[in-house]
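Everything on this sheet refers to the single structure shown next.
The values are calculated or read from the model by the stated rules, or taken from the named source; none is laboratory data. What you are looking at is a predicted structure, and each value in this text was computed from that prediction instead of being measured. Ideal geometry is used to build each Cβ from the backbone, glycine not excepted, and the neighbour counts take in all protein chains shown. To get the accessible areas, we keep the full protein, side chains included, count just its heavy atoms, and leave off ligands, DNA and RNA. Shrake-Rupley method; radii C 1.70, N 1.55, O 1.52, S 1.80 Å.
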Amino acid sequence: MFRFNHVNFNVLDLEKSLAFYKKALGLTVVREKAGENDLGPFRLVYLGDDAGSFTLELTWLAARKEPYDLGEGEFHLAFTVSDLDEAHARHEAMGCICFENKAMGIYFIEDPDGYWIEIVPEKK
């Protein structure tokens, strides 16, 4: 049987990304790995939501200096939230809301590297 494990986002500024994910979504570091390969030093930091085992892996490569090409941005992560209004107010204050679909009751935030994260209300 297959189960989801993690998804990866490559980031330019690991500390800025860690601060964003902590403030915007309450994610915390669950494990880290550092090393060196043919591209130079790297760090992998796995973030979790304290509710499940699925993690977001942030990959930082020391040699990388230019922004990552995210293509047409047709992929995203989605998070469920119990209080959409409270979450929206937090993200509005952070200035990270990049798209809203009020008819569907969802919106998206954008992280420091341009990745989009969908915010979805819990089904009641």
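With the structure loaded, tell me whether Ala24 is open to solvent by 40 Å² or more (accessible area, probe 1.4 Å), in a helix (DSSP H, G or I) and closer than 27 Å to Asp83 by Cβ or whether it fails that test.
Numbers: open to solvent by 40 Å² or more (accessible area, probe 1.4 Å): no; in a helix (DSSP H, G or I): yes; closer than 27 Å to Asp83 by Cβ: yes.
In short, no.
For residues that are in a strand (DSSP E or B) and more than 16 Å from the chain's Cα centre (by Cα), tally how many sit in region 44-66.
Keep residues of region 44-66 that are in a strand (DSSP E or B), which gives 44-48, 55-61.
With more than 16 Å from the chain's Cα centre (by Cα) added as a condition, the list becomes 61.
Looking only at that region, the number is 1.
Looking only at region 72-124, which residues are crowded, with 16+ Cβ neighbours inside 10 Å, hydroxyl-bearing (Ser, Thr, Tyr), in contact (Cβ under 8 Å) with a residue 24 or more places away in the chain and part of a strand (DSSP E or B)?
Selection gives nothing.
Please count how many residues of region 54-67 are open to solvent by less than 40 Å² (accessible area, probe 1.4 Å) and either in contact with a Lys or Arg (Cβ under 7 Å, 6 or more places away or on another chain) or over 11 Å from Val30 (Cβ atoms) (or both).
First, the residues of region 54-67 that are open to solvent by less than 40 Å² (accessible area, probe 1.4 Å): 55-59, 61-62.
Then keep just the ones that are either in contact with a Lys or Arg (Cβ under 7 Å, 6 or more places away or on another chain) or over 11 Å from Val30 (Cβ atoms) (or both); that gives 58-59, 61-62.
Going through region 54-67 one residue at a time, the tally reaches 4.
For region 31-53, enumerate the residues that are open to solvent by 80 Å² or more (accessible area, probe 1.4 Å) and either within 21 Å of Pro112 (Cβ to Cβ) or not small (Gly, Ala, Ser) (or both).
Filtering region 31-53 down to residues open to solvent by 80 Å² or more (accessible area, probe 1.4 Å) leaves 31-33, 36, 38-39, 50-51, 53.
Scanning region 31-53 gives Arg31, Glu32, Lys33, Glu36, Asp38, Leu39, Asp50.
Before we move on, is Phe4 open to solvent by 30 Å² or more (accessible area, probe 1.4 Å), out of contact with any strand residue (DSSP E or B) (no Cβ under 7 Å at 6 or more places or on another chain), without any contact (Cβ under 8 Å) to a residue 60 or more places away in the chain and of a type outside the set (D, E, K, R)?
Numbers: open to solvent by 30 Å² or more (accessible area, probe 1.4 Å): yes; out of contact with any strand residue (DSSP E or B) (no Cβ under 7 Å at 6 or more places or on another chain): yes; without any contact (Cβ under 8 Å) to a residue 60 or more places away in the chain: yes; of a type outside the set (D, E, K, R): yes.
Yes.
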